[in-house]
Amino acid sequence: MTAAADDPLALPDPVEPPAAPGEPLLVADDVTVRFHTRNGVVHAVDGVSLDLREGEVLAVVGESGSGKTVFTRRLMGLVTGGRGTEVGGSVRFAGTDLTTLSAARLSRIWGAEIALILQDPMTSLNPVKRIGAQITESILLHRKVSKTEAAKRAVELLRSVGLSEPERRVRQYPHELSGGMRQRVTIAIALACDPRLLLADEPTTALDVTVQAQILDLLADLQARSGMAMLLVTHDLRVVRSRSHRIAVMYAGRIVETAPTSTLFADPLMPYTEALMNAVPPVTGPNHVRLQVIPGRPPDLIRPPAGCKFSPRCPYAQDRCLTEEPPLRDAEPSGPDAPVHRYRCWFPVGSPAWAEAKARNIERGSSAAGTPVTEEMVLT
Amino acid sequence: MTDTMPVGSTGAPPAGPAGPAGPRRAGKRRHTSRYVRARLTHLLLVLLAVTFLSFVVVDLLPGDAAVVVAGENATPEQVQEVRETLQLDRPLLIRYVDWLGGVLTGDLGSSFRTGQPVLEALGERIPVSLQLAVVAQLLALVIAVPLAVYSAYRPGRLVDRTTMTLGFAGAAMPQFVLGMVLIVVFAGGFSSVLPATGYTSFFDDPLANLRSIILPCVTLMVAEAAVYRQLLRSDMISTLQEDFILMARSKGLRPRAILLRHALRPSSFSLITLSGVNLGRLIGGTVIVETLFAIPGLGQLIVQAVFNRDYLILQGALLFVAVAYVAINMLIDLLYLVLDPRVRRDV
């Protein structure tokens, strides 16, 4: 799977992970978010644990409805308990448990230490406020600077995110800019106070493809220069291949596989990860090849399947998968300091058990869950 | 999109190194003047339609103005004399054109009954109605906006529920009932801290003036405040769902700043429209409240003029009401330009 030069979203060489320091910047432990609705309890985030080191880029990948957005907002504390929302677990940021902080304490961290970028730049800027004011606002809030200095900083920020004529832009309103320019503005807002952690929630999903690559490269560049940690949430594995150190794949509110980016691409163990990779149209190879789609829909988070959450859609599913949920366990280490590779599967891709399960399902023409399986579908 | 839209696609340099300021400004001015011209034409058409229609309607009213003016015991000769003096024997269209000519030269005629010039009669009544209308509107907004903002911030909680119930009760009560309750409580049965009736001019005695308008203004204001609270609350609740509010929170802004600096302005557009409509309506007089509190406003003047067939007074009053209404709506449009930058380029 070598990315060709004409794919704007892929770069050839995966980036090297930063040297491992002591305590991670962010440690999420058993984070849970449940929404009580009229139809039942939605298990949006179901016991997610992960950590993020200073300067590291972690990609959280999953389909819509996998809970990645809610998880991101919970990390920050933007989703809180009460009013039909139930939360659990802890989020330690730079040694402090964010889940125990008051709203006032949290808001001193928001914008200053942790910043957020949202998916749609057309809606994430206030339509009736000038761009300059939307940037200086958080500078004035968190830094002891004069209005003039803040305004100067706003211009610098706009220049650093690659907007032409920043002096004029600060006086413009969001509707006067295009989508890509607006996303640059939201990035400038997020970076206004040099945060240590940037949460980018699908920062390019709402943009067109050529602009996507520009924005992703800009983010990667700014991240590398500032050394901040970044959580890059996306549904598109392609965009994180060369722009992240580690990947966590989410499904049905859980992490189903996590590994360093290069390991994950070389050796995916969870069939869902494999399916996500196959669902990306290949850039090289013959045209007009039928795209491998993942059959079925993301699971109902109110009544999730009993066993493995992916089993109803998995081409390798066996009886055990339907009744018993696999734990998140470590992959066989290939060396003494092998990178952490965890996965949630009874029949990890490439293992003898998997080969057996695959052969069995092809033979009977369906998985244990009844999903039709043909040889063509499991060409891996 | 118009030619005032200067921005191309991402990263594209703007047209010309000199900056688009020159041609853009000129374009803007052209648009503005076209806008003003359109609005003035509109105003003129509305005024012509309103005044002509009222001329026709007064003419169609049963009963003869000359008979009313001459008095019940007048002989037919006397009535005829009055009719000729008042020129009521001339055709409607001629009278209308004649009146219109008078308007253009600043002469609105005089009352049939009292001989008082129409301008003078209006001059006495308009300030009264204007004060009532403006004060009642301001009161309604001052009370409704904070309640709406807080209710939207904590929907379904105590403040929201209490003010909603009180608001519905106030809005459901007819004005004359509410007015009488207020009179009983504040100017009669229980206490007499405020005058029940009458109006003192602000220039004669400012304090007495304020005391005399409190009860009528409150009576006028209650139902509007209730509607405003409800309207702004629901607009605000939907604004608070917007991404840019989440962005504002993630910057670390406190709820107060988010509500007032980010959410209020984009939520206020329908409130402003409605408030403008109401102000226009109130300026035209409020017969019930004026009657209840014995306040010499435009509403009473208009009703009396109708009963007396005092059609020049009526015409003059309606002319003012129409001008005020259209002018307020123009003002609201201008306010939109100030509040919402997205509208500016469409002008």
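Some observations on this one:
- Within the span defined as region B:219-235, one or more residues are more than 14 Å from chain A (Cβ to nearest Cβ), buried (at least 17 other Cβ atoms within 10 Å of the Cβ), over 16 Å from B:Thr163 (Cα atoms) and not charged (D, E, K, R).
- Which listed residue is out of contact with any Cys (no Cβ under 7 Å at 6 or more places or on another chain), small (Gly, Ala, Ser) and either part of a loop (DSSP other than H, G, I, E, B) or surrounded by fewer than 24 Cβ atoms within 10 Å (Cβ to Cβ) (or both), from A:Ala200, A:Ala188, A:Ala213: A:Ala213
- Scanning region B:148-162 for residues that are under 17 Å from B:Val227 (Cβ atoms) and touching a Phe, Trp or Tyr at 6+ places or on another chain (Cβ under 9 Å) returns B:Ala148, B:Asp160.
- Condition met for A:Ile117 (in contact with a Cys (Cβ under 9 Å, 6 or more places away or on another chain) and of a type outside the set (Ser, Thr, Tyr)): no
- Some residue of region A:143-155 being out of contact with any Pro (no Cβ under 6 Å at 6 or more places or on another chain), buried (at least 23 other Cβ atoms within 10 Å of the Cβ) and under 21 Å from B:Leu253 (Cβ atoms): yes
- Between A:Pro268, A:Pro195, the distinction of being under 24 Å from B:Gly252 (Cα atoms) and in contact with a strand residue (DSSP E or B) (Cβ under 9 Å, 6 or more places away or on another chain) belongs to A:Pro195 only.
- Comparison of A:Leu106, A:Leu116 shows that the only residue that is of a type in the set (A, V, I, L, M), over 29 Å from A:Glu257 (Cα atoms) and within 14 Å of chain B (Cβ to nearest Cβ) is A:Leu106.
Yes/no matrix, rows are residues, columns are (1) touching a helix residue (DSSP H, G or I) at 6+ places or on another chain (Cβ under 9 Å); (2) under 30 Å from B:Arg342 (Cβ atoms); (3) of a type outside the set (D, E, K, R):
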residue	(1), (2), (3)
B:Pro216	yes, no, yes
B:Met221	yes, no, yes
B:Gln241	no, yes, yes
B:Ser268	yes, yes, yes
B:Leu312	yes, no, yes
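- Scanning region A:194-209 for residues that are within 12 Å of chain B (Cβ to nearest Cβ) and β-branched (Val, Ile, Thr) turns up nothing.
- Filter result for B:Ala49 (among the small types (Gly, Ala, Ser), surrounded by fewer than 12 Cβ atoms within 10 Å (Cβ to Cβ), part of a helix (DSSP H, G or I) and modelled with pLDDT of 75 or more): yes
- Members of region A:120-129 that are in contact (Cβ under 8 Å) with a residue 12 or more places away in the chain, within 8 Å of another protein chain (Cβ to nearest Cβ) and either surrounded by fewer than 21 Cβ atoms within 10 Å (Cβ to Cβ) or more than 16 Å from A:Leu158 (Cα to Cα) (or both): A:Asp120, A:Ser124, A:Asn126, A:Pro127, A:Val128, A:Lys129
- Residue check, B:Ile258 touching a Lys or Arg at 6+ places or on another chain (Cβ under 8 Å) and within 14 Å of another protein chain (Cβ to nearest Cβ): yes
Residue-wise test of (1) surrounded by 13 or more Cβ atoms within 10 Å (Cβ to Cβ); (2) modelled with pLDDT of 80 or more.
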residue: B:Met1; (1), (2): no, no
residue: B:Pro6; (1), (2): yes, no
residue: B:Pro14; (1), (2): yes, no
residue: B:His31; (1), (2): yes, no
residue: B:Leu44; (1), (2): no, yes
residue: B:Gln78; (1), (2): yes, yes
residue: B:Glu81; (1), (2): yes, yes
residue: B:Gly101; (1), (2): no, yes
residue: B:Phe112; (1), (2): yes, yes
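- Within region B:201-237, considering residues that are in contact with a Ser or Thr (Cβ under 8 Å, 6 or more places away or on another chain) and among the hydroxyl-bearing types (Ser, Thr, Tyr), the one modelled with the highest pLDDT: B:Tyr228
- When region B:112-148 is filtered for residues that are of a type in the set (Ser, Thr, Tyr) and not in a helix (DSSP H, G or I), only B:Thr114 remains.
- Members of region A:75-114 that are surrounded by fewer than 16 Cβ atoms within 10 Å (Cβ to Cβ) and touching a helix residue (DSSP H, G or I) at 6+ places or on another chain (Cβ under 6 Å): A:Ser90
- The set of residues in region A:164-176 that are surrounded by fewer than 23 Cβ atoms within 10 Å (Cβ to Cβ), within 9 Å of chain B (Cβ to nearest Cβ) and at negative phi comprises A:Ser164, A:Arg168, A:Gln172, A:Tyr173, A:His175, A:Glu176.
- Residue under evaluation A:Leu125, criteria (1) part of a loop (DSSP other than H, G, I, E, B); (2) touching a helix residue (DSSP H, G or I) at 6+ places or on another chain (Cβ under 8 Å); (3) more than 23 Å from A:Ala220 (Cβ to Cβ), criterion not met: (3)
- Taking the listed residues A:Glu156, A:Glu137, the one that is facing another protein chain (nearest Cβ under 7 Å), part of a helix (DSSP H, G or I), out of contact with any Phe, Trp or Tyr (no Cβ under 9 Å at 6 or more places or on another chain) and under 12 Å from A:Ile189 (Cα atoms) is A:Glu137, with no other qualifying.
- Lone unmet requirement of (1) within 11 Å of chain B (Cβ to nearest Cβ); (2) assigned to a helix (DSSP H, G or I); (3) small (Gly, Ala, Ser) for A:Ala150: (1)
- Elements of type helices (runs of 4 or more DSSP H) in region B:246-317, at least 1 residues being of a type outside the set (S, T, N, Q) and under 30 Å from A:Leu118 (Cβ atoms): B:264-267, B:269-283
- Identity of the residue in region B:262-296, within 27 Å of A:Arg143 (Cα to Cα) and more than 8 Å from chain A (Cβ to nearest Cβ), that ends up farthest from the chain's Cα centre (by Cα): B:Ala263
- Selection status of A:Leu52, more than 8 Å from chain B (Cβ to nearest Cβ) and under 24 Å from the mean Cα position of the chain (by Cα): yes
- Any hit, region B:206-218, residues being in a helix (DSSP H, G or I), more than 14 Å from every other protein chain (Cβ to nearest Cβ) and of a type in the set (Gly, Ala, Ser): yes
- Scope region B:125-183; condition small (Gly, Ala, Ser) and over 28 Å from B:Ile313 (Cβ atoms); matching residues: B:Ala140, B:Ala144, B:Ala148, B:Ser151, B:Ala152, B:Gly156, B:Gly167, B:Ala169, B:Gly170, B:Ala171, B:Ala172
- Residue check for B:Arg233: assigned to a helix (DSSP H, G or I), of a type in the set (D, E, K, R) and under 30 Å from A:Ile189 (Cα atoms): yes
The values are calculated or read from the model by the stated rules, or taken from the named source; none is laboratory data. These numbers come from a predicted model, not from an experiment. We place every Cβ from the backbone using ideal geometry, glycine too, and count neighbours over all the protein chains shown.
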